[in-house]
Amino acid sequence: MPTFFAFLPATLVSAALLAASATAAAQAAPEPAPAASAAAADAPALVPIPGGPEAAGVRGPAPEGLYQALGEKAGIAALMGDMVDRALKDPRIGPMFENSFKQMRPQALKDSLAAQICVLTGGPCEYEGTDMKYAHAQLKIDKAQFNALVEVLQDAMDARGIPFTQQNRLLALLAPMHRDIITVR
Ligand code: HEM
């Protein structure tokens with residue numbers, strides 16, 4: 001792949017990260033305070049958004065043709081399956097997924113991700129998982145781990161021959177979610 005395009009998505013995500021850094025602290029999930037602290041008692045409980053477009057992270061109309069470019073339901077399911085399998089093998093983030101799979105089946109996460117991407121890209125699916133803030137609140141994800149998953153997704157999209165322009169359109173939909181997913185700063 002041409003070097004210029006190779007770092008485009010990472011640039012995109014980094015730009016989004018920088019642009020939001022001023023407001024991110026205010027929006028981030030509160031770090032659990034020490035049990036004895038008065039702040040812990042005052043902190044509002046994190047209430048999940050239980051499914052639907054808002055929980056999936058839909059912020060506007062889906063980019064025209066992206067759902068088709070990703071191979072519709074079957075292509076998206078295969079892409080998310082491959083992404084989770086690759087994430088598991090990645091030393092930067094694998095242990096985090098490994099740990100979750102003591103509680104949940106890997107296929108359940110793959111299905112939930114596939115439904116989310118389908119909804120985000122305008123496909124005929126329903127997302128039944130929780131919103132991104134709630135889903136990742138306990139995971140202690142930092143910026144490097146977020147970017148590592150983006151890289152893993154790029155590799156999975158490369159492997160399926162998804163064109164760079166379409167890859168970038170999907171990454172642009174996901175980038176703003178860093179505000180809810182990165183809780184370690
Ligand atoms: C834009 C980026 C991301 C998206 C769109 C995303 C999406 C999702 C979705 C849809 C779920 C399932 C929620 C549910 O069914 O209720 C989930 C769970 C999970 N995500 Fe992410 N995620 C992202 C980033 C990350 C990162 C960076 C990591 C770790 C490095 C991560 C690790 C996990 C794990 C381990 C779970 C399972 C949580 C559990 O045990 O319940 N995710 N994610």
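The values are calculated or read from the model by the stated rules, or taken from the named source; none is laboratory data. In this text the structure is predicted, and so the values were computed from the model without any measurement. Backbone-built Cβ (ideal geometry, glycine too); neighbour counts: all protein chains shown.
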### Task
Look at the stretch 135-153 and say how many of its residues are more than 7 Å from the ligand (Cβ to nearest atom), outside any loop (DSSP other than H, G, I, E, B) and either free of Cβ contacts under 8 Å to residues at least 12 places away in the same chain or in contact with a strand residue (DSSP E or B) (Cβ under 9 Å, 6 or more places away or on another chain) (or both).
2
### Query
Do you know which residues across the stretch 95-118 are within 15 Å of the chain's Cα centre (by Cα) and of a type outside the set (D, E, K, R)?
MET96, PHE97, LEU109, SER112, LEU113, ALA114, ALA115, GLN116, ILE117, CYS118
### Task
For ALA108, work out the one condition from (1) surrounded by 16 or more Cβ atoms within 10 Å (Cβ to Cβ); (2) free of Cβ contacts under 8 Å to residues at least 60 places away in the same chain; (3) under 17 Å from ALA78 (Cα atoms); (4) not aromatic (Phe, Trp, Tyr) it doesn't fulfil.
(1)
### Summary
Picked from the stretch 38-53 (must be within 28 Å of the chain's Cα centre (by Cα) and hydrophobic (A, V, I, L, M, F, W, C)), the residue modelled with the lowest pLDDT is ALA40
### Task
Those residues that are within 13 Å of the ligand (Cβ to nearest atom) and over 17 Å from ALA172 (Cβ atoms), I need them from the stretch 55-71; list them, please.
ALA55
## Note on the structure
Checked the stretch 157-172 for anything among the β-branched types (Val, Ile, Thr) and buried (at least 17 other Cβ atoms within 10 Å of the Cβ); matches are ILE162
### Query
Going by the structure shown, is ALA156 part of a helix (DSSP H, G or I), of a type outside the set (Val, Ile, Thr) and within 12 Å of VAL84 (Cα to Cα)?
yes
### Task
Could you figure out which of (1) in contact (Cβ under 8 Å) with a residue 24 or more places away in the chain; (2) out of contact with any strand residue (DSSP E or B) (no Cβ under 8 Å at 6 or more places or on another chain); (3) closer than 25 Å to GLU54 by Cβ isn't true of ARG185?
(2)
### Task
Would you be able to tell me the number of residues in the stretch 159-185 that are in a helix (DSSP H, G or I), of a type in the set (A, V, I, L, M) and farther than 18 Å from THR121 by Cα?
2
### Query
Looking at this structure, is GLN167 touching a residue at least 24 places away in the same chain (Cβ under 8 Å) and either in contact with a strand residue (DSSP E or B) (Cβ under 7 Å, 6 or more places away or on another chain) or within 14 Å of LEU79 (Cβ to Cβ) (or both)?
yes
### Query
Taking helices (runs of 4 or more DSSP H) that fall entirely within the stretch 72-129, which contain at least 3 residues that are of a type outside the set (Ser, Thr, Tyr), within 9 Å of the ligand (Cβ to nearest atom) and within 21 Å of LYS140 (Cβ to Cβ)?
94-100
